[in-house]
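Presented below is the structure to which this report refers.
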């Protein structure tokens, strides 16, 4: 049985709503002013709140503001009752987080319809959240241990061989084994750094003050040399320099060069990871409407709409099918990085054909083309 809290100082209206809801088998709680209603909301955790606007001691706007500021009550659907419904009042209530309005006088059918719509929407959101939690749990339980275990096993096995067979090994074998241990250690280090980077970005975006400080101390960078260097380094790491195609328009964006490098590397690495060798991976940028648009295009396995909407940490798609190494953090890091600096990521994908990831960032200053500087930058930083 759904629990509904009614906050209404007009006892006649309150009684009418109570009678209507009781006939519909709702468990109904009533409060006669905002202070009492706020207290009951926190104690009872109702499934939906119906609240008048004009009330003594605490009006409906103040009640809603307090509810949305409290983590325990912030997600409860909230329906305003109002005797006036001018545009300014509606806009103010919606800005505070109201889900809907019901104008007095209203019919029993209108009340039932408004409640049913809000509860149905809440249930759908909860089901979607549960699906995402289940997918996340499945991805973590399957992919994360594998990703941590693979390089760690390489380190342990290599060290064990050195400890037990060092005396019988020649220098070439020892050097090869040490190289394998170093490679495994670097992979493990990079994985841990990605976890830390993702966590730092999540915390920064969740705290507006922290995000403002990061942006305030960021020196803008010119994008073409940074993107070129990041893409070339990523292609070289997977042995696919011949597949990389770059066509860039330069611009200055308010993001640090190392954060832009990280975002581009993760998206380009993802393109290589999920497309076969020999197929091109294109990195293109151009300026339009005071924004820089960076496109990374691959001809790989693709993603469907549900997979695109669920992009987040640890959510590597079709892991069991494709058995690609990866923890799902790459696109999530790129998505949070662009969001931190006022940009966004959009993905267009066709299963089995092509995926286009577009990173959009606002320009910092008037565009300056510096194609002649790109080669020098790449050679200096990534030689």
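Every number in this text was worked out from the coordinates using simple rules, so none of it is lab data. Bear in mind the structure is a predicted one, so any value in this text is a computation, not a measurement. With ideal geometry, Cβ positions are generated from the backbone for all residues, glycine too; neighbour counts draw on all protein chains shown.
Quick notes on this one:
- Each of 94, 55 was scored by other Cβ atoms within 10 Å of its Cβ. Arranged with the fewest first, they read 94, 55.
- Measuring r between the beta carbons of residue 112 and residue 305 and using R0 = 25 Å, the FRET efficiency lands at 0.15.
- A crude spin-label estimate for the pair residue 288 and residue 163, with each label 7 Å from Cα along the Cβ direction, gives 5.9 nm.
- Percent of Cα-Cα distances greater than 17 Å, calculated over region 41-124: 46 percent
- Cβ-derived FRET efficiency at R0 56 Å, residue 200 paired with residue 173, nearest 0.05: 0.85
- Here residue 65 and residue 101 are evaluated by their C-beta separation; at R0 = 25 Å the FRET efficiency comes out at 0.95.
- Per-residue Cβ neighbour counts within 10 Å put 274, 295, 80 in the sequence 295, 274, 80, beginning with the fewest.
- Fewest-first ranking of 168, 22, 285, 349, using other Cβ atoms within 10 Å as the exposure measure: 168, 22, 349, 285
- Radius ratio Rg over Rh of region 1-88, counting only Cα atoms, Kirkwood formula for Rh: 0.95
- Largest first, the three principal axis extents of the alpha carbons in region 158-280 are 58, 37, 24 Å in whole numbers.
- Taking label points 7 Å from Cα along the Cα-to-Cβ direction, residue 36 and residue 19 give a separation of 2.0 nm.
- Computed on region 3-106, with alpha-carbon pairs under 8 angstrom and 6+ residues apart, the relative contact order is 24 percent.
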